[in-house]
Amino acid sequence: MAEVSVRKVVKEYDGGVQAVKGIDLDIADHEFVVLVGPSGCGKSTTLRMIAGLEEITAGEIWIDGDVVNDVPPRDRDIAMVFQNYALYPHMSVFDNMAFGLKLRKFPKDEIKRRVADAARILDIVPLLDRKPRALSGGQRQRVAMGRAIVRNPKVFLFDEPLSNLDAKLRVQMRTEIKKVHQTIPTTTVYVTHDQIEAMTLADRVVVMNGGVIEQVGTPNDLYHHPATRFVAGFIGSPAMNFLPCRIQDGSNGGLAVRVSDSIIVPVPPARANRYGAFKGKDMVLGLRPEHLFEYHEMAKPGWTRIDLPVDVVEPMGMETMVHFFVEGAPVCARVDPTTHAAPGEVLPLTADLNQMHLMEPDTGRVV
Amino acid sequence: MSATVADRRIRVATERKHSLHRQRLWALWGSYIALSVFVVMFLVPPFYTLMTSLKSSAEISAQVGSPWLVHHPTLENFWYLITYPNFQRYYLNSAIVTVLTVAVSMVISVLAAFGLSRMGFWGSQTLSTGVFLTYLIPPSLLFIPLFQIIGKLGLINNFWCLVILYPTLAVPFCTWIMIGYFSSIPRELDEAALIDGAGYLQMLWKIFIPVAMPGIIAATIFAFTVAWGAFLYPLAYLYTSNQMVLTVGIISDLIRGDVFQWGKIMAACLLASLPPIIIYAFLMDYYVAGLTAGATKG
């Protein structure tokens, strides 16, 4: 087990395309860090550079106190789980798991013991004699994890390991991965484009976009205190609502957010100081769908009524998503399933402005 | 009203089903006719060879009755060849040359294909295309310059020269087959092996060769066919009986001036065809799988 440091790392491909633009990241011993972001954001490239599968154009990668820029993958003492499992098709499950140990000339008894231990943890003991083609997707992914575990490496690397599984199995395997990390707390770097996977698994989440790190933080940090509009929009499902607005004087000497002629809502007093500097400026109001819900007579401080015409209603069982358009921008509210909402009708809603975010439209910075 | 609509739907569905059935019937008839033409074209010559090989020289020269039938079948032609020392020598020479050609060609092809498809060095793409282009040069253009090389090596009229020459015919195509096969193996497999601690040779030996076995078998059959059936090079480079291989040995020994010993020639052809037939019969599935690999992923 080890610490991993990525320092000013750049990856430039032939033709000058920069996939990673000088990122810095320190991962503590035993930590489970998830790199998340849209396709092409550089997360997989970063993982592959840590693995040694991609050369680094500039910067340094440290594993367990050593610079490993020029160390080949086999000498980095890492194990990797791939998206398409990458099991050796001609070998049995046992041989797949034992392959790395055999190459490192481990004694046979030790190999057997380690494979048996890993198989027990992953519940694949009955599968040890089977070939990969005789396994389901979930079983293959377990074998791939088993192959990583037996080596007892310093760092586990996961490259979108659940992307090939169906939705139900993905949830199940997510829990398995978390359980494995609780049992064997090896430093882990996990890449995914699925923000729910990132939130549920990570000690810390690294949100990447366009080859740079947008924000690093605990899942709760990112959710409640996003640093940029990108992070605010990427983390959370359904995504945060963004409405162009202007900060102006409100009633009682406070501030107000003017979204349209008919929607002018007061800024909670606790935020007034922070937002005062932006009075008169065009900004973007961010409000998560769960902070826009059915109207309550008993309003709390910071709650404001807004009436919006319903566009689409999506009942989900335990909640109902209602979609609207405000000044051309799509808005989603998460309402109680007993709330009556029909397309074309006006639905009274409560906006909890204690949870609002205000962003600069040009930089995307949350203020 | 609704019953009428339902009836019409059933009628439309039935008509569509019948029309599909008719289309399939036509396709089947077309296939049978085309296949029958091919079967006749390809099986008539071997059938005629077999019939003639079972006839005595007297029956062949008598020219009585249908030439497609045997009236007094005999194995005398086969027995003659089996006990004929020169024929045994040709067979042995062909076997030695073929086994060594296949071995040399496969070692070179597998290593070359692995390097070209997986090691990603500068110019590997161009080299891959170059390898295939060399296959397009007809052997009949090459045998004159090759004659000079073989002459300088002192291997004219020595069947060992074929072990050097045949790989020039087999290696390009075998390499091309293997490049296609190796390219169809997901790259994550090499990366997993690299992380597991394998070097490039271990990766080749323990992962690529077992996974690419159908491709290797396809390439092996191709190299075998080239070496076993080649005619031009042995005709150009070998001229004494003790050095000859089957293809040239049969015609030089069994055609004397204008005397064609048809029965023995046909029997020799059949005996010479046995090894390829046996190999194809056992490995045909691998051959087809190997040649089509890389066409689609999965």
Open item on the list: I need the helices of chain B that pass two filters: whole DSSP H segments spanning 27 Å or more by Cα along the axis, and mean Kyte-Doolittle score no lower than 1.0.
Closed with: B:85-118, B:160-183, B:262-292
Task: Relative contact order (%) - criterion: Cα under 8 Å, at least six apart; region: the stretch A:271-367 - done: 38
Open item on the list: I need the Kirkwood Rh of the stretch A:153-296: take the reciprocal of the average 1/r across all distinct C-alpha pairs and report it in angstrom.
Closed with: 18.0
Open item on the list: Can you tell me the orientation of helix A:93-103 relative to chain A, as the angle in degrees between its alpha-carbon axis and the longest Cα principal axis, to the nearest 10?
Closed with: 70
Open item on the list: Net charge within 12 Å of residue B:191 by Cβ-Cβ distance, Lys/Arg positive one each and Asp/Glu negative one each, not counting residue B:191 itself?
Closed with: -1
Task: Principal-axis tilt of helix A:167-183 within chain A, Cα atoms, nearest 10 degrees - done: 60
- [ ] Averaging sequence separations of C-alpha pairs under 8 Å and six or more residues apart, then dividing by the length of the stretch A:112-208, give the relative contact order as a whole percent.
- [x] 27
TODO: With only Lys, Arg, Asp and Glu charged, each at its Cβ (+1 for the first two, -1 for the last two), find how big the charge dipole of the stretch A:79-146 is about the Cα centre; round to the nearest 20 debye.
DONE: 140
Task: For B:194-204, mean number of other protein chain Cβ atoms within 10 Å - done: 6
TODO: In nm, give the distance between the simple-model label positions of residue A:279 and residue B:51, each being 7 Å from the Cα along the Cα-to-Cβ direction.
DONE: 11.1
Open item on the list: Order these by the 10 Å Cβ neighbour count, fewest first: B:161, B:174.
Closed with: B:161, B:174
- [ ] Would you mind telling me the antiparallel percentage of the DSSP bridges in the protein assembly as shown, rounded to 5?
- [x] 75
Open item on the list: Once each part is reduced to its C-alpha centroid, what is the distance from the stretch B:142-208 to the stretch A:210-282 in angstrom?
Closed with: 65
TODO: Measure nothing fancy, just the Cα-based angle from helix A:137-150's long axis to the longest principal axis of chain A, in degrees from 0 to 90, nearest 10.
DONE: 60
Task: the stretch B:10-107: Cα Rg divided by the 2.2 N^0.38 Å rule of thumb - done: 1.99
Task: Mean separation of Cα contacts under 8 Å (6+ apart) over length of chain A, as relative contact order % - done: 15
Task: Per residue, the convex hull volume that the Cα atoms of the protein assembly as shown enclose (Å³) - done: 281
Open item on the list: How large is the Rg to Rh ratio of the stretch B:158-298 when both quantities use alpha carbon positions and Rh follows Kirkwood?
Closed with: 1.13
Task: Nearest-0.05 FRET efficiency for residue A:258 and residue B:232, computed from C-beta distance (R0 60 Å) - done: 0.10
TODO: For a label point 7 Å from the Cα of residue A:224 along Cα→C-beta, name the residues of the stretch A:335-367 whose backbone N is under 20 Å from it.
DONE: A:351-359, A:366-367
- [ ] Take A:151, A:120, A:258, A:204 and order them by how many other Cβ atoms sit within 10 Å, fewest up front.
- [x] A:120, A:258, A:204, A:151
Open item on the list: Can you sort A:43, B:55, B:17 from fewest to most other Cβ atoms within 10 Å of each residue's own Cβ?
Closed with: B:17, B:55, A:43
Open item on the list: From zero outward in steps of 10 Å, how is the percent of C-alpha pairs of chain B spread across the bins?
Closed with: 5, 19, 23, 21, 15, 9, 5, 2, 1, 0
TODO: Post the alpha-carbon centroid distance, the stretch B:17-57 to the stretch A:134-192, in whole angstrom.
DONE: 55
Open item on the list: Please report, in whole Å³, the volume per residue of the convex hull around the C-alpha atoms of the stretch A:88-185.
Closed with: 99
TODO: Would you tell me the mean number of C-beta atoms belonging to other protein chains that fall within 10 Å of each C-beta in A:81-93, as a whole number?
DONE: 4
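Only the coordinates and a few stated rules stand behind these numbers; no lab work does. Since the model is a prediction, treat every value here as computed from it, not as a measurement. Every residue, glycine as well, gets a Cβ built from its backbone with ideal geometry; the counts of neighbours run over all protein chains shown.
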